Amino acid sequence: MPKSAHEFACRLVGGQFNLDYTCRDQKNHLRSKRQRELAYGQAGSMLKFFRDKIAENPSFQYHLQLDCEEHIANIFWVDAKMLLDYAHFGDVVTFDTTFGTNKEYRPFGIFLGLNQFRETTIFGAALMFDETCDSFIWLFETFLAAHNGRQPRTIYTDQDTAMGKAIDEVFKESYHGLCTFHIMQNAVKHLTSAKGDDKDEVEEGAEVEDEEKEPHILTDFGVCMYGYEDKAAFEEAFDNMRLKVHKQTWLDSIYKVKEKWAECYMRDVFSLGVRSTQLSESFNNALKNHLKSDFHIIRFLMHFERTVEVKRTKELESEFNARKKIPRIKMSTPMLVEASKVYTPIIFESFQGEYERSMAACCRVLDGNNRFVVAIASLHGDLQFEEERIVIGDPLTKTVSCSCGMFNRTGILCGHGLKVLDLMNIKTLPTHYVLKRWTREARNESIQDREGRNVIENPKPEAQLRYKDLSHKFHNMAHRAANSPQCCLLLESALDSVAPRIEDLLNAMDEPYKDKENVDPNMQQIDEFLRSARLKKKEVPSTKLRRKKTWLDKLLKGRKPCKATEPTKKGTNQQKKKERVQQKKKDDVQPEVQVEKCDNNKGVNLELQDCNDIISFDSTL
């Protein structure tokens, strides 16, 4: 890697002679840099990394859990951008843990959500010692404390018992949903294996019939998860599915938590359309693509920051495109024109799709209390109508209540409700149906941390802009002056004369604060604290599970394996005779070595010298 990076740099500058360092210099620099990263050890260097982040932005927070020996067990951190994102978009959170991201083999946990562009945003991260209930309780309590105690409306996790107990104890105001992707994976493992337990006791025709029914069981389970809106229909379908499975242990366990995964029990849960922890899975995959499992914690933290920056750069690109491009409006109506100015482009596309569906809806009035039955016709293919929905409207308050419950789940008004608003002569979208988290102005609000300070994502934006402008100017000037020796001398003399004056100005600016900030009387104590910090050691499972080779394996290395064949009666008689002879002979007589037959039915014997070596080694033992 250093060699390829050096060659790439040479190509960028137009040749090796234009680069002011060699490949050896690059390797030495990387080695010394990694040594400086671990100057205080892993734990001390990690604490120094966090302290430097706090010095850059006081809103950065990190929390540690120590064991009885004062070793660091669990670590949680959150930066200013994560605090802001959670304040604006922390209504739905997914949490998952993964392994293989660091040398200490610590589980890495991350809290994720969706922003106004339906892109992944990060709310916090943690490196844990283990996945016990106590560790999760500490992590979740620390997470809420960092975000001023605000609990999400819904949180999704996998089906982990310890994690579930901790969520029930900490997130008491949140709805806990289970990841449907992990549940389907468990269904494939348990339901298919359950049907194959008694195959030996049935005939071949029954075996084939069972194998043909296996996918139908998984299909039935998928329909129970997503297909039923009525609880009674779900119960009936689930009972029928039980009859197809021999062992119902897993079905009984998953049925006890049906409120956390079945569609009929989660119709009024605010989920933004999220039903799994795929946000966490995709982020973990992006993190592992350029990450080695033997990275120490400092390199892991640096790579994690780079991965987060990639996600945030995509958000900036989406923000730029939303400001630059005008969304395409298919029908110029007052409601769509207003929605295109309020919603972000991707949310406006979803809203416009529902508006098109409302144009294809048929409606009839049930009674005089503004109760309607709405059925939407299919927009593609033959004319078919979807399931009828009951909508209750109120023209005075400009509200509608639909039995499909789409607005309660996603925050976007459904086509049934839009149809009834049109029937009530409401041509603009009421403000109470515009969720702020989906609008262009979702971030226009000042947020305070738990210390009462305004959270600022980047406290030095002006300095970065000035640095960018000056760097561009200096680079262009150096590029043009490099072609003339006189211009180079003039530029160097100008820099030499300006540099002392700049240093004097900077020293004059820092002098009033020198006694207060730059001189720390506790610096020595901090240095000793960093060096004495220790991570709680975790037993890393060995990845080399191969059996160690014995002296005999090494001796026979390189020889072709032979297939064993059943001995004939003649061969067994000869072997018995040889055993009798061997019992009568003394120890100085060399025994024969029996060799298995190969595919070509030709006997293969060991060489005499190898045989003598084996016998001599046995005698020495």
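The values are calculated or read from the model by the stated rules, or taken from the named source; none is laboratory data. Everything numeric here is computed off the predicted structure, so don't read it as measured data. Cβ atoms come from the backbone with ideal geometry, glycine included; neighbour counts cover every protein chain shown.
Of all residues in the stretch 246-265, those satisfying the criterion of being assigned to a loop (DSSP other than H, G, I, E, B) and buried (at least 19 other Cβ atoms within 10 Å of the Cβ) are Trp261, Ala262. Restricting attention to the stretch 163-173, the residues being buried (at least 18 other Cβ atoms within 10 Å of the Cβ) and either of a type in the set (S, T, N, Q) or farther than 16 Å from Val269 by Cβ (or both) number 4. Against the test of being exposed (fewer than 12 other Cβ atoms within 10 Å of the Cβ) and not assigned by TED's automatic domain parsing to the domain that holds Ser59, the options Glu462, Glu457 yield a single qualifying residue, Glu462.
Determine whether Glu354 is in the same structural domain as Ile426 (by TED's automatic domain parsing), in contact with a helix residue (DSSP H, G or I) (Cβ under 6 Å, 6 or more places away or on another chain), under 28 Å from Ser332 (Cβ atoms) and part of a helix (DSSP H, G or I).
So Glu354 passes the test.
Each residue in the stretch 336-356 was checked for being farther than 15 Å from Leu435 by Cα and in contact (Cβ under 8 Å) with a residue 60 or more places away in the chain, and 2 pass.
Residue by residue, here is whether (1) over 20 Å from His182 (Cβ atoms); (2) more than 15 Å from the chain's Cα centre (by Cα) holds:
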| residue | (1), (2) |
| --- | --- |
| Asn240 | yes, yes |
| Lys260 | no, yes |
| Gly273 | no, yes |
| Gln278 | no, no |
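Of the candidates Phe60, Phe76, Phe95, the single residue that is modelled with pLDDT of 90 or more and in contact with an Asp or Glu (Cβ under 7 Å, 6 or more places away or on another chain) is Phe60. The residues of the stretch 81-97 that are of a type in the set (A, V, I, L, M, F, W, C) and surrounded by fewer than 24 Cβ atoms within 10 Å (Cβ to Cβ), listed by number, are Leu84, Ala87, Phe89. Considering the stretch 371-432, there are no qualifying strands (runs of 3 or more DSSP E) wholly inside with 3 or more residues that are surrounded by 13 or more Cβ atoms within 10 Å (Cβ to Cβ), modelled with pLDDT of 95 or more and assigned by TED's automatic domain parsing to the domain that holds Val93.
Annotation note: of Phe270, Phe300, the sole residue that is surrounded by 14 or more Cβ atoms within 10 Å (Cβ to Cβ) and either assigned by TED's automatic domain parsing to the domain that holds Thr154 or of a type in the set (Lys, Arg) (or both) is Phe300.
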